[in-house]
């Protein structure tokens, strides 16, 4: 017997918070998208939270059903034990938020999951039904910042403090972090807090650009270091800078030359839609799981 979820049983909320990519979504209980708002405005973390809170309230009013679950993606490490958002020093998104669930007005939602954006994207990659399940891989995001996530047999490894996979904060030979060094180059943002994607794409496609070659060498070493420790077998390169063919070709060459075990570099999505879809899908599944748990509890009583 097949059961069809009742779309009016409730809705779920999905939130993505980044410097220039903010999304609020509401999906009905069947998982169909019913409301969405996006912004590419450059916002601080506090501004992004205020923007999202306003639109979450508008989405809830539009849906007129209880919010059964919510998922929140932020461009910063999230402590698995406390849920506190704790950006790394020098990261594009700054400011510690002890309770982002309450800050977004979601304190009364029964199930809320918070994690960083690269972990969410890696989770979506790991659960793609078109691909082999229970894979192990290193997921690398190349955009305004560089992020990493470790997936072992289908599960994201978050680490004791939520900072596992943060390859952007590995040290360069100069003693600076990878993030700080890349942001200081000519394709860094004016305040050197992030990478200018348009400038970086142009530089990384230029075979004669010395800074681009230097940046590629730093990225390759960071990937090699992570692959040496983790032995992922596969590295998935995603994000807008992964669209630079020359960058991918050079990374493959460097990693192949320096690896200690077989590792394949493959391209993932260059846009952020995998992240948005993954956050949304997990919110729906969390709501279904909560409903099934409640039904089983009632049946047992």
Using the count of nearby Cβ atoms within 10 Å as a rough guide to exposure, how do 292, 43 rank from fewest to most? 292, 43
From the helices alone, meaning DSSP H stretches of at least four residues, give me the mean residue ellipticity at 222 nm for the chain, per-run term -39500 (n - 2.57), in deg cm²/dmol to the nearest 500. -11500 deg cm²/dmol
Mean projected area, convex hull of alpha-carbon positions in the chain, reported to one decimal in nm², is 16.8 nm²
Expected output is a single nm value to one decimal: the length gained when fully extending between residue 234 and residue 134, i.e. 0.36 nm times separation in residues minus the C-alpha distance. What is it? 34.7 nm
Order by neighbour count: 285, 179, fewest other Cβ atoms within 10 Å first, most last. 285, 179
With bins 5 Å wide starting at 0, give me the P(r) of the stretch 82-144 over every alpha carbon pair, in whole percents. 4, 13, 18, 18, 18, 15, 11, 3
Convex hull volume per residue in cubic angstrom - Cα atoms of the stretch 31-80: 115 Å³
For the stretch 125-267, I need the span (max minus min coordinate) of the C-alpha atoms along each principal axis, in Å, sorted largest to smallest. 40, 32, 29
Sequence gap at least 6, Cα distance under 8 Å: using those rules, report the relative contact order of the chain to the nearest whole percent. 17 percent
Restricted to the chain, the DSSP antiparallel beta bridge percent, nearest 5, is 55 percent
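Rule-based calculations on the coordinates, nothing more; no lab input. Values in this document were obtained by computation on a predicted structure and should not be read as measured data. Glycine also receives a Cβ, built like all others from the backbone with ideal geometry; neighbour counts cover every protein chain displayed.
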